Amino acid sequence: MTGNHAELPVAARVRSLEERLIAAGLITDDELDGILTEVFESASPANGARMVARAWIDRAYAHRLIADGNAAAEELGFAAETTGYLLKAVENTPAVHNVIVCTLCSCYPTALLGPSPSWYKSFAYRSRVVREPRAVLAEFGLELAEGTEIRVWDANSETRYLVLPRPPESVSGMDEGTLASLVTRNGLIGTAAC
Ligand code: FE
């Protein structure tokens, strides 16, 4: 290897890693493509939204989700998607709003939130949301009451977060699918109310 690997653009670093794995006989190009296709085809905020909708309807599930995110994901069939890291769900309440970031890079539970938006990976978001979360959230159109505590969770490759937004005023009479359709990717990140 020549040059400083860390200075290469991410795509080039990924490709160089892929080529080394292939050269070492650990995986073939086709196998690698297959894995990536599978990951990105199933990765969607609809998955995280399903977990939120279930938590809104079923308080016992919400408790399990907060206590053990991986087990709660597994209950809804997302076991394979959430292996390899600790999934922590953080719950919004009238007093506390949660927002997630990866200050180092862009860690996030992709399978449950879909591919991360470019702003999530931006240096501006990663640095500012820690220093001035209220101002950053306001720029997203989320104006929180003065008294609301904002908790910023810094993810890494081992621990990743999902925000459990506050439910609508009344969930009675709404089925899980309808409730899930109210949940957005930004709601799961915490840059939107829901
Ligand atoms: Fe990261």
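Brief remarks follow.
- Summed over the residues of the chain and divided among them, the accessible surface reaches 54 Å² per residue at a probe radius of 1.4 Å.
- Isolated Cys residues of the chain, judged by Cβ distance under 4.7 Å to other cysteines: 105, 194
- With respect to the chain, whose longest principal axis is taken over its alpha-carbon atoms, helix 29-42 is tilted by about 10°.
- Within the assembled protein chains, the solvent-accessible surface assigned to residue 38 is about 140 Å², based on a 1.4 Å probe.
- Accessible carbon and sulfur surface of the chain relative to its total accessible area, %, 1.4 Å: 56
- Axis of helix 45-57 versus longest Cα principal axis of the chain: the two differ by about 30°, to the nearest ten degrees.
- The relative contact order of the chain comes to 26 percent, based on Cα pairs under 8 Å that sit 6 or more residues apart.
- Summarising the amide proton neighbourhood of residue 114: residues at separation of 5 or more, or on other chains, whose placed amide H is nearer than 5 Å comprise 44.
- Sorted largest first by accessible area at a 1.4 angstrom probe radius, with every protein chain in place, the residues 150, 66, 100 fall in the order 66, 150, 100.
- The Cα atoms of the range 43-189 define a convex hull whose projected area, averaged across directions, is 8.2 nm².
- Solvent accessible area, Å² - residue 61, 1.4 Å probe, full protein context: 0
The values are calculated or read from the model by the stated rules, or taken from the named source; none is laboratory data. Because the structure is a prediction, the values reported are computed rather than measured. Every residue, glycine among them, receives a Cβ derived from its backbone with ideal geometry; neighbour counts consider all protein chains shown. Quick note on the areas: whole protein, heavy atoms, side chains included, nothing else; ligands and nucleic acids left out. Shrake-Rupley method; radii C 1.70, N 1.55, O 1.52, S 1.80 Å.
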